[in-house]
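Student: Next up is a structure, given as structure tokens.
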Amino acid sequence: MYFKDSKGFPSDFLWGSASAAYQVEGAWDSDGKGVSNWDKFVRIPGKTFKGTTGDKAVDHYNRYKEDVALMAEMGLKTYRFSIAWTRIYPNGNGEVNEAGLQFYDNLINECLKYGIEPMVTVYHWDMPQALEEQYHGWENRQIVDDYVNYATTLFKRYGDRVKYWITMNEQNIFTSFGWLEGMHPPGKVDDMKMFYQVNHHANMAHAKSVIALKELWPEAKVGASFAYSPSYAIDNKPENAMAKADYDDLKNYYWMDVYAYGRYPRAALAYLEANGVAPVFEEGDNAIMKEAAQLVDFMGVNYYQTTTVEFNDIDGVGTSHEMNTTGKKGTAKVQGVPGLYKNPQNANLPTTDWDWTIDPMGIRMCCREITSRYDLPIVISENGLGAFDKLEDGEVHDPYRIAYLKAHIEELKKACDDGCRVLAYCTWSYTDLLSWLNGYQKRYGFVYVDREEDENSGTLNRYKKDSYYWYKKVIETNGEEL
Ligand code: BG6
């Protein structure tokens, strides 16, 4: 749509920024914290870039006051962070760890002190290792009860102060990287059957915790954050349009339909059943998924890029089990599902050094698609540019990040004009942090943190990048000055 005059962002728009516990906190074994699957996985040689770990990360656990003060000075309206399950339940279930609960009390109170709305992610990929050992974590239906128990502990403790809750971060990514690509724990490869079963367990955990939250705090706002890559058919050949329909059903609607409608897309289920990989349901699952979908308040979207779709022959490319983790442009491989689709690069768009397509209009596409398919409000829970940054004389000049964010915010503003109900925009990330597979070389923050891959490197001091001052202005002018 074209509007001569923009209405701009709503006056209560939440300008934010995001992080995840494993990527920022460090203090991996402090104050009674248990071991997570990531604490284990990063110690397997060859799994992460130069063997980096989150043992120390950027020490947010000890420096959260300094970080929140920087947010306040910037004028941030919301801070999205995740809670480490292993700080709350060191063994995943059983005894609760008061010191862990206290840490997040402090963090939440620190945000509120400055009028920053805490937005809490319950699960951002760090599963208690004890549950892996007890019953293989997500693979066992038992996880649903343990997840709901953990989530409910958080709701009870923090629900008086936390209004915005995100149940899961990028379920589509942690399950595909964990059970198809082998790049995240538990490091399984092409286990389709388990992949769909694990997803069903995660959907039930999400659904039951949404219901539990609303019983305790009916006014709370809840959703899941989905890594949404809207798709473009490579051209107008009908087989490529059909490949796009297959891609959307299997890679996008397969999750978003569950969150918003409480059901899987019919064509996707038919395909899974025909291939013997459909998930096993328990009696009552459908009703629970439907009930939760009625209660969900927004669709959380982590938007980084769009995807191009082309028909893929039955003997065509499959999963590549690798990604560009070096930052050497042009090294990513084309992936696909034989007989359905493959995802070549988009020749019309530039990419980052890690071969992620840069497509600002894609963020508007996300909002439009969600609005017309689900008619739900939207929280952009992540968007940002991973880049090599350089600290020189205490300064970081990152015009590329400013250009990236500016272009995306401009498109988001158009989505608001289109009538999409966008509640919040969180950049990824606030400070620099650990990139799961790319170490500390791939930076996203407004605040530079002095450290490199070597655990003993750097002072961990914080430095404001140029983008910090730029975003401050964006917030002050509610997105008018970009
Ligand atoms: C999202 C995740 O997938 O993208 C974050 O929610 C992650 O945790 C971010 O860090 C960027 O990915 P990467 O691989 O560049 O660190």
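Computed from the coordinates by the stated procedures, all read-outs in this text should not be read as laboratory data. Treat the numbers as computed from the prediction; the structure is a model and nothing was measured. Methodologically, a virtual Cβ is constructed for each residue, glycine included, from the backbone with ideal geometry; neighbour enumeration extends over all protein chains shown.
Student: Taking all pairs of different Cα atoms in segment 126-199, averaging 1/r and flipping that mean, what Kirkwood radius in angstroms comes out?
Tutor: Numbers: mean 1/r = 0.0746 Å⁻¹.
Across segment 126-199, the inverse of the average 1/r is 13.4 Å.
Student: Calculate for the chain the 222 nm mean residue ellipticity that helices alone would give, adding -39,500 (n - 2.57) per DSSP H run of length 4 or more and normalising by residue count, nearest 500 deg cm²/dmol. Walk me through the numbers before you get to the answer.
Tutor: On the way: 16 runs with 185 residues, N = 482.
Mean residue ellipticity, 222 nm, calculated: -12000 deg cm²/dmol.
Student: Are there GluC sites (Glu not before Pro) in segment 159-240 that DSSP puts in a loop and that have at most 11 other Cβ atoms within 10 Å, and which ones?
Tutor: Values: sites: Glu170, Glu181, Glu215, Glu219, Glu239; in loops: Glu170, Glu219.
Of the GluC sites (Glu not before Pro), the ones in loops of segment 159-240 whose Cβ has at most 11 other Cβ atoms within 10 Å are Glu219.
Student: Please list log₁₀ I(q)/I(0) at q = 0.09, 0.10, 0.19 Å⁻¹ for segment 52-181, using the Debye equation with identical point scatterers on the alpha-carbon positions.
Tutor: So the normalised log intensities are -0.28, -0.35, -1.17.
Student: Using the number of other C-beta atoms within 10 angstrom as an exposure proxy, rank His206, His397 with the fewest first. Let's see the in-between values first.
Tutor: Details: His206 29, His397 14.
Fewest-to-most ranking of His206, His397: His397, His206.
Student: Shifting gears a bit: Taking a quarter of the surface of the Cα convex hull of segment 333-444, what do you get in nm²? Before the final figure, lay out the partial values.
Tutor: Values: hull surface 36.7 nm².
About 9.2 nm², averaged over all directions.
Student: Note down the nm distance, to one decimal, between modelled labels 7 Å out along Cα→Cβ at Ser372 and at Leu112.
Tutor: Label-label distance for Ser372 and Leu112, simple model: 4.2 nm.
Student: Cα-Cα over 28 Å: which of Lys163/Lys473; Lys328/Lys464; Lys156/Lys414?
Tutor: Details: Lys163/Lys473 26 Å; Lys328/Lys464 26 Å; Lys156/Lys414 38 Å.
Cα-Cα > 28 Å for Lys156/Lys414; rest within.
Student: Please compute the Kirkwood hydrodynamic radius over segment 246-394, one decimal place, Å, based on all pairs of different Cα atoms. Present the calculation step by step, with values, prior to reporting the outcome.
Tutor: Values: mean 1/r = 0.0560 Å⁻¹.
For segment 246-394, the Kirkwood estimate is 17.9 Å.
Student: Something else about it: How much net charge surrounds Leu460 when only the other residues with a Cβ under 9 Å from the Cβ of Leu460 are counted, with Lys and Arg +1 and Asp and Glu -1?
Tutor: Working: positive: Lys56, Arg63, Arg451, Arg462; negative: Asp59, Asp450.
The answer is +2.
Student: Which Cys in the chain stand alone, with every other cysteine's Cβ at 4.7 Å or more from theirs?
Tutor: Singleton cysteines: Cys111, Cys366, Cys416, Cys426.
Student: If each residue's Cβ is checked for other Cβ atoms within 10 Å, how do Ile234, Ile88 rank with the fewest at the top?
Tutor: Numbers: Ile234 20, Ile88 25.
The fewest-first ordering by Cβ neighbours comes to Ile234, Ile88.
Student: Please provide three numbers in whole Å: the alpha-carbon extents of segment 66-120 along the principal axes, with the largest listed first.
Tutor: 40, 15, 15
Student: Spin-label point model (7 Å from Cα, Cβ direction): what's the Lys163 to Arg263 distance in nm?
Tutor: In this crude spin-label approximation the distance works out to 3.4 nm.
Student: Ignoring solvent entirely, what values of log10 I(q)/I(0) come out of the Debye formula for the chain at 0.08 Å⁻¹ when each Cα is a single scatterer?
Tutor: -0.44
Student: Which translational diffusion coefficient, to the nearest whole µm²/s, is obtained for segment 8-121 from the Stokes-Einstein equation, given a Kirkwood hydrodynamic radius over C-alpha pairs, 37 °C and 0.692 mPa s?
Tutor: Details: Rh = 15.2 Å.
Stokes-Einstein gives a translational diffusion coefficient of 216 µm²/s.
Student: Another question, if that's okay. Restricting attention to segment 1-85, which trypsin sites (Lys or Arg not before Pro) occupy a DSSP loop and are surrounded by at most 13 other Cβ atoms within 10 Å? Mind dumping the intermediate values first?
Tutor: Working: sites: Lys4, Lys7, Lys33, Lys40, Arg43, Lys47, Lys50, Lys56, Arg63, Lys65, Lys77, Arg80; in loops: Lys4, Lys7, Lys33, Arg43, Lys47, Lys56, Lys77.
Answer in residue order: Lys4, Lys7, Arg43.
Student: If you plug each phi of segment 255-268 into the Karplus form 6.51 cos²θ - 1.76 cosθ + 1.60 with θ = phi - 60°, what whole-Hz ³J(HN,Hα) values come out, in order, with x for Gly and Pro?
Tutor: 9, 5, 5, 5, 5, 8, 10, x, 8, 8, x, 4, 5, 5
Student: If you don't mind, there's one more thing I want to ask. Can you sort Asp105, Asp313 so the residue with the fewest Cβ neighbours within 10 Å comes first? Before the final figure, lay out each step's value.
Tutor: Values: Asp105 14, Asp313 11.
So the residues, fewest neighbours to most, are Asp313, Asp105.
Student: Among all the lysines, which ones have a C-alpha under 23 Å from Lys188's C-alpha, if same-chain residues fewer than 8 places away are not counted?
Tutor: Leaving aside lysines fewer than 8 places away in the same chain, those within reach of Lys188 are Lys40, Lys47, Lys50, Lys251, Lys333, Lys342.
Student: Among bridges DSSP assigns within segment 307-464, what percent are antiparallel (round to 5)?
Tutor: 75 percent
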